[in-house]
Amino acid sequence: MPEYLRVSEIYPSVQGEGPKAGYPTLFVRFAGCNMRCPGWPCDTQHAIWPEIWRKESTKLGQGGTIQAILDECERTGIRNICYTGGEPFMQNINLLKEVVEELQNFGQEVFTNGSYDFPDWAIQNLSIMMDWKLPGSGEEQTNVEERWENALKLYPSDGIKFVVKDKADLLDAHQVYEALIEARCHARFWVGSAWEHITSAEIVDYILEERLPWSLNVQVHKYIWDPDERGV
């Protein structure tokens, strides 16, 4: 395992998704992902394709990553940190652990596809938002066992996010939700559209009709800035 973290970018913005949507947040984006989501294009191509991130990312040790984060937090006054990607848990897990533990005085979130085991230190120190891949993404069969095990580790303060491409995805999300609840999953649930293939109105109608305790996920940053703009 490399003795560094592949940092794609660090930038201040507002959280666009989940329980802290709209809250000032420092994003620490790691490079590299084990999924490609061929069913709809990932909105962070620069962080998933090696031919891009190998040219753009910075190899930082634990100390360098911490200092870069602290410098930006001091400059901006931001107290909430979001680790994202790519896939954060693909990184050197020991170095990532040291970063998270060193920054315990900050609020810390991680957005992950859930395909790598969530270690105990992550469960205890991070608010986790897990993106559950559905058939429309083309990744629904990737590391299914690991995703189920991770989902059952989550607390009520954590979340599972469904990104739906169409009505079939929405129905599949409902089935997954019912199975997870039956298995005693304690996380909250969010659902949103993949690039507006299905409208938010259709999703809300379904939530209300089925009396589901889900929250709508609208990626508010894409309504503030150009959806293709980086670093916002």
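The values are calculated or read from the model by the stated rules, or taken from the named source; none is laboratory data. Model, not experiment: these values are computed from the prediction. Every residue, glycine as well, gets a Cβ built from its backbone with ideal geometry; the counts of neighbours run over all protein chains shown.
Do you know which of the residues in the range 186-198 that are surrounded by fewer than 20 Cβ atoms within 10 Å (Cβ to Cβ) and at pLDDT 95 or above is nearest to Gln124 (Cα to Cα)?
Filtering the range 186-198 down to residues surrounded by fewer than 20 Cβ atoms within 10 Å (Cβ to Cβ) leaves 186, 188, 192, 195-197.
Filter once more, keeping what is at pLDDT 95 or above: 186, 188, 192.
Working: His186: 15, Arg188: 17, Gly192: 27 Å.
Here the answer is His186.
Contact list please: Cβ distance under 8 Å, first residue in the range 118-135 and over 17 Å from Met35 (Cα atoms) and in contact (Cβ under 8 Å) with a residue 12 or more places away in the chain, second residue of a type in the set (Asp, Glu) and part of a loop (DSSP other than H, G, I, E, B), pairs at least six apart or on different chains.
Close Cβ pairs satisfying both conditions: Ser127/Asp158; Ile128/Asp158.
Kindly check whether there is at least one residue in the range 166-182 that is crowded, with 19+ Cβ neighbours inside 10 Å, under 24 Å from Asn34 (Cβ atoms) and in contact with an Asp or Glu (Cβ under 6 Å, 6 or more places away or on another chain).
Looking through the range 166-182, none of the residues is crowded, with 19+ Cβ neighbours inside 10 Å, under 24 Å from Asn34 (Cβ atoms) and in contact with an Asp or Glu (Cβ under 6 Å, 6 or more places away or on another chain).
For residues in the range 150-160 being surrounded by fewer than 22 Cβ atoms within 10 Å (Cβ to Cβ) and of a type outside the set (A, V, I, L, M, F, W, C), which is farthest from Glu202 (Cα to Cα)?
By that ranking, first place goes to Lys153.
Tally the residues that are within 16 Å of the chain's Cα centre (by Cα) and at negative phi, restricting the search to the range 101-118.
Taking the range 101-118 and keeping what is within 16 Å of the chain's Cα centre (by Cα), we get 107-118.
Checking the rest, the ones that are also at negative phi come to 107-113, 115-118.
Result for the range 101-118: 11.
Every residue, every condition in (1) out of contact with any helix residue (DSSP H, G or I) (no Cβ under 8 Å at 6 or more places or on another chain); (2) under 21 Å from Ala194 (Cα atoms); (3) not hydroxyl-bearing (Ser, Thr, Tyr), yes or no:
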| position | (1), (2), (3) |
| --- | --- |
| Leu5 | no, no, yes |
| Pro12 | no, no, yes |
| Ala21 | yes, yes, yes |
| Cys33 | no, yes, yes |
| Trp40 | no, yes, yes |
| Lys55 | yes, no, yes |
| Gly63 | yes, no, yes |
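So how many residues does the range 1-48 have that are aromatic (Phe, Trp, Tyr) and either within 15 Å of Leu96 (Cα to Cα) or touching an Asp or Glu at 6+ places or on another chain (Cβ under 6 Å) (or both)?
Quick first cut of the range 1-48, residues aromatic (Phe, Trp, Tyr) only: 4, 11, 23, 27, 30, 40.
Now narrow it down to the ones that are either within 15 Å of Leu96 (Cα to Cα) or touching an Asp or Glu at 6+ places or on another chain (Cβ under 6 Å) (or both): 4, 27, 30.
The number of residues fulfilling the criteria is 3.
Considering the range 1-13 alone, what residues qualify as being at pLDDT below 95 and among the hydrophobic types (A, V, I, L, M, F, W, C)?
Met1
Looking at Gly114, Gly136, which one is in a loop (DSSP other than H, G, I, E, B) and touching a Lys or Arg at 6+ places or on another chain (Cβ under 7 Å)?
Values: Gly136 fails: in a loop (DSSP other than H, G, I, E, B).
Residue meeting the stated conditions: Gly114.
Test Ile69 against the stated conditions and say whether it is at pLDDT below 95, farther than 19 Å from Tyr116 by Cβ and more than 14 Å from the chain's Cα centre (by Cα). Please lay out each step first, then the result.
Details: at pLDDT below 95: no; farther than 19 Å from Tyr116 by Cβ: yes; more than 14 Å from the chain's Cα centre (by Cα): yes.
Criteria not met by Ile69.
Residues checked against (1) in contact with a Ser or Thr (Cβ under 7 Å, 6 or more places away or on another chain); (2) assigned to a loop (DSSP other than H, G, I, E, B); (3) over 16 Å from Ala21 (Cα atoms):
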site: Glu149; (1), (2), (3): no, no, yes
site: Ser157; (1), (2), (3): yes, yes, no
site: Ala168; (1), (2), (3): no, no, yes
site: Leu212; (1), (2), (3): no, yes, yes
site: Gln219; (1), (2), (3): no, yes, no
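Which of the numbered conditions does Glu145 fail, given that it passes all the others? Conditions: (1) touching a residue at least 12 places away in the same chain (Cβ under 8 Å); (2) not hydrophobic (A, V, I, L, M, F, W, C); (3) not in a loop (DSSP other than H, G, I, E, B).
It is condition (1) that Glu145 fails.
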